[in-house]
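The values are calculated or read from the model by the stated rules, or taken from the named source; none is laboratory data. These figures come from a predicted structure and were not determined experimentally. Please note: Cβ atoms are built from the backbone with ideal geometry, for glycine as well, and neighbour counts cover all protein chains shown. Side chains are part of the model used for accessible areas, which takes the heavy atoms of the whole protein and leaves out ligands, DNA and RNA. Shrake-Rupley method; radii C 1.70, N 1.55, O 1.52, S 1.80 Å.
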Amino acid sequence: MARRIVMLPLVFLTFVIGCTRPGATSENSAADAGQPVQGDWAVVRFESEPDNLNPLITQLATARYALTGVNNAQIYEFLMAYNPKDWDLTEPLLAVAPPAISDDHLSYTFTIRDGVKWHDGRPLTPDDVLFTFKAAACPLADTAWARSFLTDLADIQMDARSMRFVMSKPNVYNVSNIANVLAIIPKHVFDAEGLLDSFSYKDIIGPKGKSDPKIKKFADQFNAHAANRAPVGTGPYKFERWDSGRELVLTRNEDYWGKKPYLDKIVYRIITDYTAALTALKAGDTDVMPRLLPIQYTEQTSGAAFDQQFVKMKYSILQEAAIMWNNERPFFKDKRVRQAMAMLVERQKIIDGIRLGLGKIGMSFLDPSAKDFNPNLKALPYDPKRAAELLDEAGWKDHDGDGIRDKDGVKFKFEFLGSSGSQIFKQLSPVLTEEFRKAGIEMTERVIEFSVMLQSLKDHRFDASTLNFSHGDLSPADAFQVWHSSAVAGGSNFFNFRNPQADRLLEEARLEFDAEKRKQLYWRWQEIVNEEQPVTFVYYVEESGAYSKRFRNVQWLPLRPGYDLNSWWVPRGLQKYKTSANP
């Protein structure tokens, strides 16, 4: 998955960032012998429903999983994919090869693959690729997250199937920003009227992009297009149907240009409640539960009956749970207050009590195994005494003796925002409430539906919230989209972090092609973030899940969602579903 932001209901913001190259782990390698055969379905539990299925608009993880899978190809496809041996972005998809790069790192030339068809039978053309970038760059479209990756793209030039991307400045992430951020979408579906035909990419990013009535008409149609719920891609699976609140169904693309998958269908069954989800798994209503609660893993998935039908496993996807402080709120403007809040979070107790040991104390936006992780960082300790001193120093004292700290007549009372489907929020909130109460801080919960919560985060209408940073991309770090001050407006810096020195380091890192020098820039940047504490990293997550034993070639991968259904198969004698059946 690219360095793009997607959402899970923790709020599980999947901010993608560089990490290591851990290999895949196979849970049933002894049973993997035999020739793969076509047939059967995989019914996979989804924790939340996608908001839409437009890959240029959605930021939700569940939508991303269905649209592009673990390696950039499911319904839609990217220009390039990862090599699963070392997880470098080197494998061609809709491009026939990695790009030719000019010596000054300002020009990247791709050749678009011939012979690829959209799911409706129309051929893929370079015009579709150009259109995708114009749509993503359109300032009136709901594509702000995508535009943050295109800030240095100055022009796109086409010559037959050759496409030259011209950048305004060198950037070590240019290849990824071009080939690994935008899934390619069909022009004939999303712009049947040809509203953008007369505009170049330069026109779209120039003054016309905000004022021309044709571009405005296109954006309005694009944001509400019917294909946002019924996608037409080029990938190994076609969209079949989406029954809101129940399931999303994909079917095997018999005309796929590449290696065809084995499963006839993928059914994503939407079950928001974890207890109901485990019940459905045990009853055979689902085949895969990619994420178990810790208590489900340790206490509710054992015994002969369960072991006969299912495999359960632990796996690591490089991510961490965190608490986000809105740095513009009066409570959290002072870094001493943010440091104090971090010192009131007893992280090891949370790991042991809530996660039942599945995790390690968080300390950086990067995973400890990431290339650019600073090994000299030390997480702020649990220290209520020092926290109280910092709060006093910042002027937050109990001036009127009511047990609640105050400053300039403002009580230290804030809301902790969470989504109704988040188990972690439900477990974490009472622990934080008690710790903060003992320090003279009153925290109340505000629980809303995830879609409403997401909009509140975008609009910065919150005091504090939970989120999950997911290091889903295995390239060197680029934290710009999440942490640069320019990402406060329209980007993913929901917590309003602004620091000129941190900004400068992120800008310099993008221009530094020497890996060692870039690492040193990121080391210093992490030190600043650790000092400023705009976000408190609680724990790095270890996941657990379970799946039916009938599946073969099941590997758990370091990229979200952690599994590649394109490679799973079932021996003919164990197949459960026929194409015409209903699960």
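Solvent-accessible area per residue in the chain equals 36 Å², computed with a 1.4 angstrom probe and all protein chains kept.
Modelled spin labels at residue 300 and residue 211, positioned 7 Å past Cα toward Cβ, are 5.9 nm from each other.
Calculated mean residue ellipticity, 222 nm, the chain: -7500 deg cm²/dmol, from DSSP H runs (n ≥ 4) at -39500 (n - 2.57) each, averaged per residue and rounded to 500.
Computed from backbone phi, the HN-Hα couplings of region 453-459 come to 4, 4, 5, 4, 5, 4, 8 Hz, rounded to whole numbers (Karplus: 6.51 cos²θ - 1.76 cosθ + 1.60, θ = phi - 60°; Gly and Pro given as x). Please give the net charge around residue 294, taking every other residue with its beta carbon less than 11 angstrom from that of residue 294, where Lys and Arg add +1 and Asp and Glu add -1. That works out to -1.
Distance from the C-alpha centroid of region 454-470 to that of region 311-337: 10 Å, rounded to the whole angstrom.
Protection proxy ranking of 525-531, 295-301, 38-44, by the mean of other Cβ atoms within 10 Å over each peptide's residues and highest first, is 38-44, 525-531, 295-301. When the alpha carbon coordinates of region 285-346 are projected onto the principal axes, the ranges are 56, 21, 20 Å, largest first. Restricting the calculation to Cα atoms, region 487-581 shows an Rg/Rh of 1.22 when the hydrodynamic-style radius is the Kirkwood one.
Rounded to the nearest 0.05, what FRET efficiency do residue 122 and residue 385 have when you use their Cβ-Cβ distance and R0 = 51 Å? According to the calculation, E is roughly 0.15.
Per-peptide packing, taken as the mean over residues of other Cβ atoms within 10 Å, places 444-452, 427-435 in the sequence 427-435, 444-452 from highest down.
Just want to confirm a number: the relative contact order over the chain, from Cα pairs under 8 angstrom separated by 6+ residues, in percent. 25 percent.
Take peptides 408-419, 557-568 and line them up by average Cβ neighbours within 10 Å, highest first, as a rough protection proxy.
Going by the mean number of other Cβ atoms within 10 Å, highest first, we get 557-568, 408-419.
When the Cα gyration tensor is reduced to axis lengths a ≥ b ≥ c, the ratio a/c is 1.5 or higher for region 357-452, and with a/b not above b/c it is classed as oblate. Distances between placed amide hydrogens fall under 5 Å for residue 117 paired with 124, 257, all partners being 5 or more residues away or on another chain.
For region 301-310, putting each phi into the Karplus relation 6.51 cos²θ - 1.76 cosθ + 1.60 with θ = phi - 60° gives couplings of 10, 9, x, 4, 5, 5, 4, 5, 9, 10 Hz, in residue order, rounded to whole numbers and with x for Gly and Pro. Charged side chains reduced to their Cβ positions (Lys and Arg at +1, Asp and Glu at -1) give region 32-87 a dipole of some 80 debye around its Cα centre. Rounded to two decimals, the Cα radius of gyration of region 215-258 over 2.2 N^0.38 Å is 1.45. According to the Cα-based calculation, Rg over Rh for region 182-298 is 1.13, with Rh computed by the Kirkwood formula. Once backbone amide H atoms are built at 1.01 Å from N, residue 154 has 166, 167, 168 as its partners under 5 Å, excluding neighbours fewer than 5 places away on the same chain.
Put one equal scatterer on each alpha carbon of the chain, apply the Debye formula with no solvent term, and list log10 I(q)/I(0) at q = 0.07 1/Å to two decimals. Rounded to two decimals, the profile gives -0.42. Straight-line cross-link partners of residue 413 among the lysines, defined as a Cα under 16 Å from its Cα and at least 8 positions apart when in the same chain: 333, 397, 438. The charge dipole of region 241-282, taken about its Cα centre with unit charges on the Cβ of Lys, Arg, Asp and Glu (plus for the first two, minus for the last two), comes to roughly 120 debye.
For region 311-316, 3J(HN,Hα) computed residue by residue from phi via the Karplus equation (6.51, -1.76, 1.60; θ = phi - 60°) reads 10, 10, 8, 10, 8, 10 Hz, glycine and proline entered as x. Put simply, the amide H of residue 555, placed in the peptide plane, has neighbours under 5 Å in 564, leaving out anything fewer than 5 places away on its chain. Calculated on the Cα set of region 339-408, radius of gyration then Dmax: 16.0, 50 Å.
Taking all protein chains in place and a 1.4 Å probe, what share, in percent, of the accessible surface of region 327-412 do carbon and sulfur account for?
Carbon and sulfur: 50 percent of the exposed surface of region 327-412.
The distance from the alpha carbon centre of region 157-198 to that of region 102-153 is 2 Å, rounded to a whole number.
Taken over the alpha carbons of region 425-522 as equal point scatterers, the Debye sum produces base-10 log I(q)/I(0) values at 0.18, 0.25 Å⁻¹ of -0.97, -1.26.
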